[in-house]
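Novice: Dumping the structure here so I can ask a few things about it.
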Amino acid sequence: MIADVGAVIWKEWREYLSGSTTGGRGRNPLVIIAVIVIFSLITPFQIGQAWFTTPLALLLSGLYFPMILVISVIADSFAGERERHTLETLLASRLSDTAILLGKIAAALIYGWAVAMVATLAGGLAANLSRNANGFHWYSTDFAVAIVCFSFLFSGFVAAAGSLVSMRSPSSRQAQQVLSIGIAVLIFGGVFGFQALAASTRLQIAQALSQYSLTTLAIGIALVLLLADVILTYVGYVSFQRTRLILD
Amino acid sequence: MIVPVPMSASALTRPADAIIRVDQLTREFGTVRALDQMSFAVPPGIIFGFLGANGAGKTTMIRLLLNLLEPSAGHAQVFGLETRQHGNAIREQSGALLEFSGLYERLSAEDNLEFYGRVWHLSSAQRKARIRELLTHFDLWDRRKERVGTWSRGMKQKVAIARVLLHRPKLIFLDEPTAGLDPVAAAALRGDLRTLVQREGVTVFLTTHNLTEAEQICSQVGIIRMGKLLAFGAPAELRASSGGERVEIWGTGLTAAVRTMLSARSDIRAVTEQNDHLHLELRDTHAVAPIVAALVQAGVGIEEVRRGQASLEEAFLTLMEEDK
């Protein structure tokens with residue numbers, strides 16, 4: 001099973017790194033990586049060493065980068081293969097349903113997570129190179145662990161959700177649109193939903209949360225994300241039907 | 001009048017060692033019945049041709065045998081395993097070239113084969129050696145690093161066939177394998193398939209509407225139309241069952257009166273004029289000499305006489321016509 005998952009990951013990465021010059025994926029993963037690395041340098045360079053304590057670092061490396069990166073590849077995972085007529089041959093191979101699904105999710109997860117980590121390291125170096133830098137600073141252990149964990153779990157969340165969407169989408173482009181809109185609705189819906197609550201309710205929530213330390217809250221959020229990853233992967237496994245994938 | 005080979009379910013599923021056995025297999029897509037109570041058995045170690053027009057149900061049959069689709073009714077067994085329950089085990093021992101080449105166009109030929117080598121758990125050394133062997137055989141070794149997306153359809157088809165053969169499967173499904181290949185490459189592939197069957201005992205399940213090809217390489221064929229099996233047997237049996245022997249006669253003086261005289265004979269079923277010669281369909285297997293003697297007596301200057309049987313294509317077309 002591990003060898004099978006590994007084979008799928010190998011193929012997916014080979015395809016990511018081959019870029020997109022003749023249709024297929026809507027965006028070239030190599031271009032996206034370049035844009036993200038550049039973007040990850042500019043902001044820390046401007047902020048300077050305050051970068052190591054700002055929540056922006058966590059938001060960019062833990063949420064935004066994984067989201068953009070994973071969406072750019074996972075949407076194509078099933079829908080793109082179906083469009084390019086490679087899916088049926090893959091399904092006619094000896095690979096099990098689990099190996100194909102896990103391989104595709106893992107490939108996107110590792111891709112999103114690895115590039116987010118590179119962007120985090122690049123950001124740390126850029127912050128130290130800013131004009132107002134004073135000695136060499138780096139992320140605190142807690143902060144670094146939070147970035148590593150959240151980028152991993154959020155990459156997994158988008159990959160698992162994306163594979164589900166891609167399985168049901170007639171085209172890679174449509175899968176990408178549905179996924180982008182879905183994630184945006186989830187994030188902004190949460191923010192605006194909170195804003196829409198009565199002031200007293202918001203205060204109550206804030207008071208309830210303030211009883212916990214930041215570490216406890218971070219662990220709680222991480223556990224929720226982990227649970228979501230597991231549930232979405234399981235739903236993907238249950239939904240994976242060779243016959244439907246071919247006929248859809 | 002064509003007489004299809006007997007096709008009772010018991011007769012067709014008789015071979016005890018059949019590698020593929022299909023029993024009353026039916027598949028419906030909504031109101032459309034793509035396969036209709038089909039029963040037959042394919043013995044191991046042969047090239048079996050599944051012949052039919054576009055949309056007849058050939059691809060659906062391959063999908064059902066590989067458990068990529070579930071039957072609406074009936075059963076299918078491959079390697080003695082029920083397709084519904086043992087899809088993974090069946091796919092593990094098979095290789096398939098389906099409707100499309102299934103190649104990753106942004107990857108090189110070598111990477112496409114490397115991936116499927118990994119899928120079939122070939123060791124690194126085995127993959128290297130087998131990829132080299134196959135790409136060299138198909139004359140593509142020097143271009144192995146090129147993306148296959150830039151290649152012609154025929155070249156892609158060669159890589160796809162190499163992918164099917166990579167892990168030396170016991171059973172190979174080929175859906176229109178020579179489509180897109182030039183005549184030389186198509187002939188070479190037919191030779192390869194024959195060699196594979198003779199030397200390694202591989203069974204090939206081949207769908208095609210190229211009847212000349214089927215006639216050349218298939219030991220047995222099944223002819224289908226709109227999901228129904230019309231005939232099943234060796235090509236020679238099907239040709240024979242399509243109505244006796246034929247004689248073609250070239251010469252001078254093949255007038256309308258001569259044609260009328262021939263039509264009146266009891267040993268001739270039909271006389272047609274084709275371009276510069278006469279085409280006679282004999283009733284059963286009769287000697288040609290009395291016909292030639294009668295023509296000479298009628299003043300015909302005979303230049304050439306050819307005797308033969310209906311081709312598989314003619315048998316196929318007759319079947320199609322009769323089933324309308």
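Novice: I'd like to know if region B:193-201 contains one or more residues that are touching a helix residue (DSSP H, G or I) at 6+ places or on another chain (Cβ under 9 Å), surrounded by fewer than 15 Cβ atoms within 10 Å (Cβ to Cβ), on the phi < 0 side of the Ramachandran plot and of a type in the set (D, E, K, R). So that I can check it myself, show each step before the final result.
Specialist: Just the residues of region B:193-201 that are touching a helix residue (DSSP H, G or I) at 6+ places or on another chain (Cβ under 9 Å), to begin with: B:193-194, B:196-197.
In the following step, the residues that additionally are surrounded by fewer than 15 Cβ atoms within 10 Å (Cβ to Cβ) were identified as B:194.
Pick out the ones that are also on the phi < 0 side of the Ramachandran plot and you get B:194.
Now restrict to residues that are of a type in the set (D, E, K, R): B:194.
Looking for residues that are touching a helix residue (DSSP H, G or I) at 6+ places or on another chain (Cβ under 9 Å), surrounded by fewer than 15 Cβ atoms within 10 Å (Cβ to Cβ), on the phi < 0 side of the Ramachandran plot and of a type in the set (D, E, K, R), one finds at least one in region B:193-201, hence yes.
Novice: Those residues that are of a type in the set (Lys, Arg) and surrounded by 19 or more Cβ atoms within 10 Å (Cβ to Cβ), I need them from region A:106-138; list them, please.
Specialist: Pass one, region A:106-138, residues of a type in the set (Lys, Arg): A:131.
Of everything in region A:106-138, nothing turns out to be of a type in the set (Lys, Arg) and surrounded by 19 or more Cβ atoms within 10 Å (Cβ to Cβ).
Novice: I'd like to verify a number: residues in region B:100-132 that are of a type outside the set (A, V, I, L, M, F, W, C) and in contact with an Asp or Glu (Cβ under 8 Å, 6 or more places away or on another chain), how many? Working first, answer last.
Specialist: Pass one, region B:100-132, residues of a type outside the set (A, V, I, L, M, F, W, C): B:101-102, B:104-106, B:108, B:110-112, B:114, B:116-118, B:121, B:123-124, B:126-128, B:130, B:132.
Restricting the remaining residues to those that are in contact with an Asp or Glu (Cβ under 8 Å, 6 or more places away or on another chain) gives B:102, B:104, B:106, B:108, B:127.
Qualifying residue count, region B:100-132: 5.
Novice: State all residues of region B:281-305 that are assigned to a strand (DSSP E or B) and either modelled with pLDDT of 85 or more or hydroxyl-bearing (Ser, Thr, Tyr) (or both); if no residue qualifies, say none. Give the steps one after another, and end with the answer.
Specialist: Our first condition is that a residue be assigned to a strand (DSSP E or B); within region B:281-305, this holds for B:281-282, B:301-305.
Within region B:281-305, B:Gly301, B:Ile302, B:Glu303, B:Glu304, B:Val305 qualify.
Novice: Only one of A:Val224, A:Val191 is over 30 Å from A:Arg84 (Cα atoms) and loosely packed, with under 11 Cβ neighbours inside 10 Å. Can you tell me which?
Specialist: Values: A:Val224 fails: loosely packed, with under 11 Cβ neighbours inside 10 Å.
Only one candidate passes the filter, namely A:Val191.
Novice: Taking the criterion of being at pLDDT below 80 and charged (D, E, K, R), would at least one residue in region A:8-18 satisfy it? Talk me through it step by step, then tell me what you get.
Specialist: Of region A:8-18, the ones at pLDDT below 80 are none.
No, region A:8-18 contains no residue that is at pLDDT below 80 and charged (D, E, K, R).
Novice: Identify, please: which residue in region B:202-216 is within 8 Å of the chain's Cα centre (by Cα) and among the aliphatic types (A, V, I, L, M) and is, among those, surrounded by the fewest Cβ atoms within 10 Å (Cβ to Cβ)?
Specialist: B:Leu211
Novice: Here's a follow-up. Residues in region B:89-103 that are over 23 Å from the mean Cα position of the chain (by Cα), free of Cβ contacts under 8 Å to residues at least 12 places away in the same chain and at the interface with chain A (Cβ under 8 Å from one of its Cβ atoms): how many? Step through it out loud before you land on a result.
Specialist: To start, the set of residues in region B:89-103 that are over 23 Å from the mean Cα position of the chain (by Cα) comprises B:89, B:92, B:103.
Cutting the leftovers down to free of Cβ contacts under 8 Å to residues at least 12 places away in the same chain gives us B:89, B:92.
Retained after the next criterion (residues that are at the interface with chain A (Cβ under 8 Å from one of its Cβ atoms)): B:92.
Final tally of qualifying residues: 1.
Novice: Quick one: which residue in B:Ile249, B:Ile224, B:Ile268 is closer than 30 Å to B:Ala185 by Cα and among the aliphatic types (A, V, I, L, M)?
Specialist: One residue alone meets the criteria, B:Ile224.
Novice: Check B:Ile47 against each of (1) more than 14 Å from chain A (Cβ to nearest Cβ); (2) surrounded by fewer than 16 Cβ atoms within 10 Å (Cβ to Cβ) and name the one condition it does not meet.
Specialist: Unmet condition: (2).
Every residue, every condition in (1) surrounded by fewer than 21 Cβ atoms within 10 Å (Cβ to Cβ); (2) under 27 Å from A:Phe152 (Cβ atoms); (3) touching a Ser or Thr at 6+ places or on another chain (Cβ under 6 Å); (4) away from chain B (no Cβ under 14 Å), yes or no:
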| position | (1), (2), (3), (4) |
| --- | --- |
| A:Asp76 | no, yes, yes, no |
| A:His85 | yes, no, no, no |
| A:Ser93 | no, no, no, no |
| A:Lys104 | no, yes, yes, no |
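Novice: Out of B:Ala214, B:Ala187, report the one residue that is within 19 Å of B:Leu319 (Cβ to Cβ), among the hydrophobic types (A, V, I, L, M, F, W, C) and in the same structural domain as B:Lys128 (by TED's automatic domain parsing).
Specialist: On the way: B:Ala187 fails: within 19 Å of B:Leu319 (Cβ to Cβ).
After ruling out the rest, the residue left standing is B:Ala214.
Novice: Also: Condition first: exposed (fewer than 15 other Cβ atoms within 10 Å of the Cβ) and either touching a Leu at 6+ places or on another chain (Cβ under 9 Å) or without any contact (Cβ under 8 Å) to a residue 24 or more places away in the chain (or both). Now tell me which residues in region B:180-191 satisfy that. It would help to see each step written out before you state the result.
Specialist: Restricting attention to region B:180-191, the residues satisfying the condition of being exposed (fewer than 15 other Cβ atoms within 10 Å of the Cβ) are B:182-184, B:187, B:191.
The answer is B:Pro183, B:Val184, B:Ala187, B:Gly191.
Novice: Which residue is nearest to B:Leu166 (Cα to Cα), if the candidates are limited to region B:109-128 and must be of a type in the set (Gly, Ala, Ser) and within 31 Å of the chain's Cα centre (by Cα)?
Specialist: B:Gly117
Novice: Inspect all residues belonging to region B:165-180 and state whether any of them is more than 24 Å from B:Val221 (Cα to Cα) and in a helix (DSSP H, G or I). Step through it out loud before you land on a result.
Specialist: The first filter runs over region B:165-180 and keeps only residues more than 24 Å from B:Val221 (Cα to Cα), leaving B:166-167.
If we keep only those that are in a helix (DSSP H, G or I) as well, we get none.
Checking region B:165-180: not a single residue is more than 24 Å from B:Val221 (Cα to Cα) and in a helix (DSSP H, G or I).
Novice: Report, by residue number, each residue of region B:222-266 that is in a strand (DSSP E or B) and under 15 Å from the mean Cα position of the chain (by Cα). Let's see the steps before the verdict.
Specialist: So in region B:222-266, the residues in a strand (DSSP E or B) come out as B:222-225, B:228-233, B:245-252.
Within region B:222-266, B:Gly222, B:Ile223, B:Ile224, B:Arg225, B:Leu229, B:Leu230, B:Ala231, B:Phe232, B:Gly233 meet the criteria.
Novice: How many residues does region B:117-131 hold that are at negative phi and at the interface with another protein chain (Cβ under 7 Å from one of its Cβ atoms)?
Specialist: Residues in region B:117-131 being at negative phi and at the interface with another protein chain (Cβ under 7 Å from one of its Cβ atoms): 3 in total.
Novice: Scan (1) in contact with a Phe, Trp or Tyr (Cβ under 6 Å, 6 or more places away or on another chain); (2) of a type in the set (Ser, Thr, Tyr); (3) under 23 Å from A:Ser96 (Cα atoms) for the single condition A:Ser239 breaks and write down its number.
Specialist: (1)
Novice: Turning to a different aspect of this structure: Would you pick out the residues in region B:31-60 that are closer than 24 Å to B:Thr195 by Cβ and among the charged types (D, E, K, R)? Reasoning before the result, please.
Specialist: So the first thing to find is which residues in region B:31-60 are closer than 24 Å to B:Thr195 by Cβ, and the list is B:42-51.
Result: no residue meets the conditions.
Novice: Restricting the first residue to region A:149-177 and requiring it to be farther than 22 Å from A:Thr98 by Cα, which pairs with a second residue that is among the aromatic types (Phe, Trp, Tyr) meet a Cβ separation below 9 Å and a spacing of at least six or different chains?
Specialist: Within 9 Å, the pairs are A:Ser151/A:Phe65; A:Ser151/A:Trp113.
Novice: Output the residue which, of all residues in region B:85-111 that are surrounded by fewer than 20 Cβ atoms within 10 Å (Cβ to Cβ) and in contact with a His (Cβ under 8 Å, 6 or more places away or on another chain), is nearest to B:Thr203 (Cα to Cα).
Specialist: Residue satisfying both the conditions and the ranking: B:Glu99.
The values are calculated or read from the model by the stated rules, or taken from the named source; none is laboratory data. This one's a predicted model, so the numbers in the text were calculated from it and none came from an experiment. Note that each Cβ is placed from the backbone with ideal geometry, even for glycine, and that neighbours are counted across all protein chains shown.
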